[in-house]
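Report on the following structure.
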Amino acid sequence: MRNATVGIMDEYDKNLLKNLFYYFNKKRNIYWIDIHHLKIIKYGKDLHVDCHLTIPWYFITIKKANEEVNNLTKLTKKNFGSKVELYVHVDTCSKNHCIFCFNKLCQVIHNIFQKKSFGIY
């Protein structure tokens, strides 16, 4: 009974979130500065994942931004199965994001890198 009501009551699955963040951190690429506003909804065995992905502001083409969204989608489906729908909103970085960015090739670093991992803070 409890499992049946969890999905209806907006209760979050802490283990699922931890696993997802662990996987994102393990497979993180240098252009994924931050993943935030992450939401996961379970519909039976299907997962719906919604998040914002911060990428460098100097990705001036939609094509490059879409490549990063596709990379994140492929990695998520590889780990959690094909029954995952991933919706990603792309944000561009600002000076405040430099503390999360470990891209040493960036030509416009404004702040010193401090934190690499995505997750629940």
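Couple of notes before you dig in:
- Counted residues, region 27-47 - those being under 23 Å from CYS98 (Cα atoms) and part of a strand (DSSP E or B): 5
- Some residue of region 42-50 being touching an Asp or Glu at 6+ places or on another chain (Cβ under 9 Å), surrounded by 15 or more Cβ atoms within 10 Å (Cβ to Cβ), under 30 Å from CYS106 (Cα atoms) and modelled with pLDDT under 85: no
- Counting the residues of region 74-84 that are part of a helix (DSSP H, G or I) and either of a type in the set (Lys, Arg) or buried (at least 17 other Cβ atoms within 10 Å of the Cβ) (or both) gives 6.
- Matching residues, region 90-102, being surrounded by fewer than 17 Cβ atoms within 10 Å (Cβ to Cβ), more than 17 Å from THR61 (Cβ to Cβ) and not hydroxyl-bearing (Ser, Thr, Tyr): LYS95, ASN96, ILE99, PHE102
- Residue identified as over 14 Å from TRP32 (Cβ atoms) and either touching a Gly at 6+ places or on another chain (Cβ under 9 Å) or part of a strand (DSSP E or B) (or both) among ASP50, ASP91: ASP50
- Scope region 54-73; condition charged (D, E, K, R) and surrounded by 13 or more Cβ atoms within 10 Å (Cβ to Cβ); matching residues: LYS64, GLU67, GLU68
Residues are listed down the side, and each one gets a yes or a no for (1) β-branched (Val, Ile, Thr); (2) modelled with pLDDT under 90:
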residue: THR54; (1), (2): yes, no
residue: GLU67; (1), (2): no, no
residue: THR76; (1), (2): yes, yes
residue: GLY81; (1), (2): no, yes
residue: VAL88; (1), (2): yes, no
residue: VAL108; (1), (2): yes, yes
residue: LYS116; (1), (2): no, yes
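The values are calculated or read from the model by the stated rules, or taken from the named source; none is laboratory data. Note that the coordinates shown come from a computational prediction; the quantities given were computed from them, not determined experimentally. Note that we place each Cβ from the backbone using ideal geometry, even for glycine, and neighbour counts take in every protein chain shown.
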